[in-house]
Ligand code: NAD
Ligand code: IPM
Ligand code: MN
């Protein structure tokens, strides 16, 4: 028996609702296998902060670090809630984990499953993956406000791009492209305006490309990339981009792939020095929380990425086959969070079943 230690952070709003279903699906996929999951739940997020004033105590971060992987729901309250202004749960918890655990490859696949309605009328075959840099860029918090609250206020938010940080994510993206049939990589930036960071990205992409001559590389400015993603998403295979551009492009990708309720992600630490963290792309959705209205599929597919990462790719494939079968059968139905979980569990193929297009 192999024991896997899983840290679970359900979070706020719909986070616990979708994580409940993801946990059920993981258990159903692993039933009868020789893998034993040991879960530890960490109650972190806006709710915890409002109750105790704590965001991420050091001892809890150390405890989380001792697990093999992290399953994360979503955190955050109603945008603009004044009681949360001082806390900034998103920075103090989510980004702190991504930064401290060196989740430099934020992997966000966009696959339009048969039976799923895209926001686009004629999307074609959509199957691409965005590799979003996860530890640098404008997210680092480098900046400040001078003379706050005065007419002379100046705010800066400096984007930090190190050769080390850019190279490791670009290399990861080339490896991702190499493992896929189309052998194509699109890098996205705004080199016409952000000339300094743009030049660093360009230099690194060109240097690493020399090691992967079989991969076809193209470049798009980020604004144009949104046009191409809407007009012809089928052209993309792997996209690599910085932290902020990747954030925005992956919400757009979520809409293209059938909605944010289907968009999965993995915050990957490829070196294995800290646990990787798997979470839906969406947030805590306070507007629908507590009503079992959330689609848990994004969280479930994130659990599938986690199984892959843990070396359980056959189990990940069975999970995705179940999601595909559920969508093909029930794609258009209005269902509760729990009903979607039930239906996906009912579609899990027996282990050893040959899978088509998983
Ligand atoms: P959001 O993703 O929570 O919601 C955007 C819209 O999508 C809402 O209308 C919501 O109802 C809908 N939606 C989201 N997930 C859904 C699902 N699974 N099924 C059906 N509909 C879904 O983004 P927001 O409203 O900008 O943010 C709400 C809070 O979440 C904020 O506090 C924000 O900072 C936080 N947030 C957290 C994360 C995270 O923890 N990873 C990610 C994004 C936002
Ligand atoms: C995401 C979220 C986070 C991000 C926020 C909540 C910090 O939007 O995971 O996409 O910007 O990365
Ligand atoms: Mn986002």
Residue 222 in contact with a strand residue (DSSP E or B) (Cβ under 8 Å, 6 or more places away or on another chain), within 16 Å of ligand 3 (Cβ to nearest atom) and free of Cβ contacts under 8 Å to residues at least 60 places away in the same chain: yes
The range 91-105 - residue that is within 15 Å of ligand 1 (Cβ to nearest atom) and farther than 17 Å from residue 43 by Cβ and, of those, surrounded by the most Cβ atoms within 10 Å (Cβ to Cβ): 103
Boolean, residue 252 is free of Cβ contacts under 8 Å to residues at least 40 places away in the same chain and either within 12 Å of residue 109 (Cα to Cα) or within 13 Å of ligand 3 (Cβ to nearest atom) (or both): yes
Single match in 171, 203 (criterion: crowded, with 17+ Cβ neighbours inside 10 Å, more than 16 Å from ligand 1 (Cβ to nearest atom) and closer than 26 Å to residue 270 by Cα): 171
Only listed residue being part of a helix (DSSP H, G or I), within 13 Å of residue 173 (Cα to Cα) and away from ligand 3 (no atom under 15 Å from the Cβ), chosen from 240, 205: 205
Qualifying position, being in the same structural domain as residue 134 (by TED's automatic domain parsing), farther than 18 Å from residue 130 by Cα and surrounded by 13 or more Cβ atoms within 10 Å (Cβ to Cβ), among 194, 185: 194
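Condition check ((1) more than 16 Å from ligand 2 (Cβ to nearest atom); (2) outside the structural domain of residue 337 (by TED's automatic domain parsing); (3) over 21 Å from the mean Cα position of the chain (by Cα)) across all residues:
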{"residue": "205", "(1), (2), (3)": "yes, yes, yes"}
{"residue": "213", "(1), (2), (3)": "yes, yes, yes"}
{"residue": "224", "(1), (2), (3)": "yes, yes, yes"}
{"residue": "227", "(1), (2), (3)": "yes, yes, yes"}
{"residue": "232", "(1), (2), (3)": "yes, yes, yes"}
{"residue": "242", "(1), (2), (3)": "no, yes, no"}
{"residue": "290", "(1), (2), (3)": "yes, no, yes"}
{"residue": "309", "(1), (2), (3)": "yes, no, no"}
Filtered residues of the range 42-60 (kept if under 20 Å from the mean Cα position of the chain (by Cα) and more than 16 Å from ligand 2 (Cβ to nearest atom)): 42
Of the criteria (1) more than 15 Å from residue 18 (Cβ to Cβ); (2) within 15 Å of ligand 3 (Cβ to nearest atom); (3) assigned to a helix (DSSP H, G or I); (4) in contact with a strand residue (DSSP E or B) (Cβ under 7 Å, 6 or more places away or on another chain), which one residue 228 fails: (2)
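Here's the yes/no breakdown for (1) within 12 Å of ligand 1 (Cβ to nearest atom); (2) buried (at least 19 other Cβ atoms within 10 Å of the Cβ):
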position: 228; (1), (2): no, no
position: 239; (1), (2): no, yes
position: 246; (1), (2): no, yes
position: 249; (1), (2): no, yes
position: 255; (1), (2): yes, no
position: 269; (1), (2): no, yes
position: 283; (1), (2): yes, yes
Candidates 22, 105, 36 - the one that is within 18 Å of residue 260 (Cβ to Cβ) and in contact with a strand residue (DSSP E or B) (Cβ under 7 Å, 6 or more places away or on another chain): 22
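Within the range 267-274, identify whether any single residue is closer than 24 Å to residue 248 by Cβ, within 16 Å of ligand 3 (Cβ to nearest atom) and in contact (Cβ under 8 Å) with a residue 60 or more places away in the chain, and answer yes or no.
Looking for residues that are closer than 24 Å to residue 248 by Cβ, within 16 Å of ligand 3 (Cβ to nearest atom) and in contact (Cβ under 8 Å) with a residue 60 or more places away in the chain, one finds at least one in the range 267-274, hence yes.
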Any chance residue 283 is on the phi > 0 side of the Ramachandran plot and either in the same structural domain as residue 62 (by TED's automatic domain parsing) or away from ligand 3 (no atom under 11 Å from the Cβ) (or both): no
In the range 247-292, residue nearest to residue 4 (Cα to Cα) [restricted to those that are part of a loop (DSSP other than H, G, I, E, B) and touching a helix residue (DSSP H, G or I) at 6+ places or on another chain (Cβ under 7 Å)]: 275
Residue match in the range 322-341 (condition: outside any loop (DSSP other than H, G, I, E, B), within 22 Å of the chain's Cα centre (by Cα), surrounded by fewer than 21 Cβ atoms within 10 Å (Cβ to Cβ) and free of Cβ contacts under 8 Å to residues at least 12 places away in the same chain): no
Residue 236, sole failed condition from (1) touching a strand residue (DSSP E or B) at 6+ places or on another chain (Cβ under 6 Å); (2) assigned by TED's automatic domain parsing to the domain that holds residue 298: (2)
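The values are calculated or read from the model by the stated rules, or taken from the named source; none is laboratory data. A quick note: this is a predicted structure, and the numbers were derived from the prediction, not measured. Cβ sites come from the backbone with ideal geometry, for glycine too, and all protein chains shown count toward neighbours.
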